[in-house]
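Enquirer: This structure is in structure tokens; I'll ask about it shortly.
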Amino acid sequence: MLQISEYKSRLARTRQDQVMALIQALPVMPTAVNVPVRIMQLYRDPNSPPIERFAEVLVADAALSAKVLELANSAFFRPSKPITRVSDALRRIGLSNMLPLLFGLSLAGLFNKANLPSDERARLWHKSLFKAVVARQWARWRGSEHEEEAFLCGVLQDAALPAIYAGDRAAAMELAGVLDLEGDGRYQREVALYGVDHAEFGRRLCARLALPELYVLATATHHAPDGPDLPEEFAELHAGLMLAAQVPHVASRLDDASLRRLGACFARACPDAGEADFAEFMQGVCDSARSLTAMLSPADPARRTGLKTFLQDVSDQIARTVFAAIGASSRAIHELEHCRAELEARVRELSEQIVQADFDSLTDVLNRRGFFSRAEQLLSLGRQAQLGCAVGYVDLDQFKRVNDSHGQEAGDAALAGFAAAIRNLLRDRGIVGRFGGDEFAFAMLVPPQLGRDGVVQQIESALASVSVTLPGGAVVELHSSIGIAWLGVPQDGHTIQAALAHADRAMYSRCRDTLAAAS
């Protein structure tokens, strides 16, 4: 029988293999590098070549030219008349915007490759963009000529997170809770989950994409206590990348604690700077981030699909072409391919075992066994991170009517739709399990600003009534009874079984009161 430590080690290895399988599956194919590299050379030319020179190079790639024209005609730039010439499109976009677009979006394809909900994918991507803007703003602040390199180093810091999140969705919740722990806590918890941390996954990703040494080193060491280990030529970017690493991985906004960490890091890098200098620096960061985000998120819905296609095409092309490939011996390639084939076989086998053991095949949420094992981990995480925890029980009201009226297949679809509603509500803050029939349980970590009353209101307003579209097109309104047990910050004596029993009693009490009122 496996010891607990050996089981955890194997589970971490399985998760690591799953993430690496996603990274190895990325399409990185050698193609001509002339167009993007030539554009970069022109941008760095001290003689400031005219815009027509850039256009001449760009039109050599018909597909990229078409996408640049599409962006220039988008709602963000609002041209008074259609732009049909590439040179006019470049004038409209601006060369200063063009390179951040090319470099900053070079890895956007990775975020789209990961099978994540669109809002979660966008949140991760926007956070990476913000880190990139912080790094670039520092380079600009110090008068460095390496603004673009700083930007891309910032983007790459968390580039592996989408693959990690997609590798094991059940573990993603726990990962989200540890990413912003201070000190050695983050690293130790990540290693316990995956065997390595996200910086090491990022290093492997950069190597997979054949990026130059600067980006491999900057990504691998961005959380090092003394900051990233950079080639001497780029040493001036060191402090800016340390600043970017202080940006939270998960939180949707910079809270006071994050700003204090950023301010302390800024003060160490600029001992002579005062609070006014830091405020000016952060104002520049926010202005740049707003401008870039607005450019990439046009208000006109009719243009969003075109822009998304533009970003995807540009990112895929740049990931393949803008960097020179690092050579590898044919023997090494053969060994890596053989190793990858073995790992992929192990991942498939272990993934099937994990899914069968811990997940409900109908709703794709945890089953009772999987829920209890992960819920205990969640309580432990809440204790360590000092976060509140809520545990709930949900029972669909009169669900038999759905089966009677629409059939068993429709009933199964309704259950899956309701489970998805709970999962979308919790996002990466909690877990949900199906306990059989039409009964579900959930457990979640609660941000301090939400608190007990806030989380109860949020859950009840979202789940008391849920609309689900059935396979035939009919829409049913699912009503549910909900019981919630508020634990606050979990203590040593708290157990998930006791919390669920309390939630079950609360749900039964509310059902009884409702029936009494109805009669």
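Enquirer: Can you pull out the strands (runs of 3 or more DSSP E) entirely within region 409-478 that have at least 3 residues that are crowded, with 21+ Cβ neighbours inside 10 Å? Can you show your working first?
Expert: Details: elements: 430-436, 439-446, 465-469.
Filter on region 409-478 gives 430-436, 439-446.
Enquirer: Considering each of L230, L179, L209, L243 in turn, give the residue that is at pLDDT below 85 and out of contact with any Lys or Arg (no Cβ under 7 Å at 6 or more places or on another chain).
Expert: Values: L230 fails: at pLDDT below 85; L179 fails: out of contact with any Lys or Arg (no Cβ under 7 Å at 6 or more places or on another chain); L243 fails: at pLDDT below 85.
Only one candidate passes the filter, namely L209.
Enquirer: Given the residues A171, A150, A166, which is the only one that is closer than 19 Å to A220 by Cα and of a type in the set (A, V, I, L, M)?
Expert: Details: A171 fails: closer than 19 Å to A220 by Cα; A166 fails: closer than 19 Å to A220 by Cα.
None of the others qualify; the one that does is A150.
Enquirer: Next question. What's the number of the condition I354 fails, among (1) in a helix (DSSP H, G or I); (2) at pLDDT 90 or above; (3) of a type in the set (V, I, T)?
Expert: Single failed check for I354: (2).
Enquirer: Would you be able to tell me the number of residues in region 10-31 that are touching a Gly at 6+ places or on another chain (Cβ under 9 Å) and at pLDDT below 70?
Expert: Selection size over region 10-31: 2.
Enquirer: Also: If I filter region 163-178 for residues that are small (G, A, S) and crowded, with 24+ Cβ neighbours inside 10 Å, do I get at least one hit?
Expert: We begin by selecting, within region 163-178, every residue small (G, A, S); these are 163, 166-167, 170-172, 176-177.
Those left that are additionally crowded, with 24+ Cβ neighbours inside 10 Å: 163, 167.
Yes; the residues of region 163-178 include at least one that is small (G, A, S) and crowded, with 24+ Cβ neighbours inside 10 Å.
Enquirer: Suppose we keep only residues that are among the aliphatic types (A, V, I, L, M) and within 16 Å of H494 (Cβ to Cβ) within region 371-398. Which one would you say is surrounded by the most Cβ atoms within 10 Å (Cβ to Cβ)?
Expert: Across region 371-398, the extreme among qualifying residues is V391.
Enquirer: Here's a follow-up. For region 490-509, give me each residue that is surrounded by fewer than 14 Cβ atoms within 10 Å (Cβ to Cβ) and either farther than 21 Å from E439 by Cα or touching a helix residue (DSSP H, G or I) at 6+ places or on another chain (Cβ under 6 Å) (or both).
Expert: Q491, D492, G493
Enquirer: Only residues in region 220-232 that are assigned by TED's automatic domain parsing to the domain that holds A244 count as the first member; pair them with residues that are assigned to a loop (DSSP other than H, G, I, E, B) and of a type in the set (S, T, N, Q), Cβ under 7 angstrom, at least 6 apart or cross-chain, and list the lot.
Expert: H222/Q157; P228/T221; D229/T221
Enquirer: Which number in (1) at pLDDT 85 or above; (2) under 20 Å from the mean Cα position of the chain (by Cα); (3) in a loop (DSSP other than H, G, I, E, B) marks the one condition that S252 misses?
Expert: (1)
The values are calculated or read from the model by the stated rules, or taken from the named source; none is laboratory data. Since the model is a prediction, treat every value here as computed from it, not as a measurement. Cβ atoms come from the backbone with ideal geometry, glycine included; neighbour counts cover every protein chain shown.
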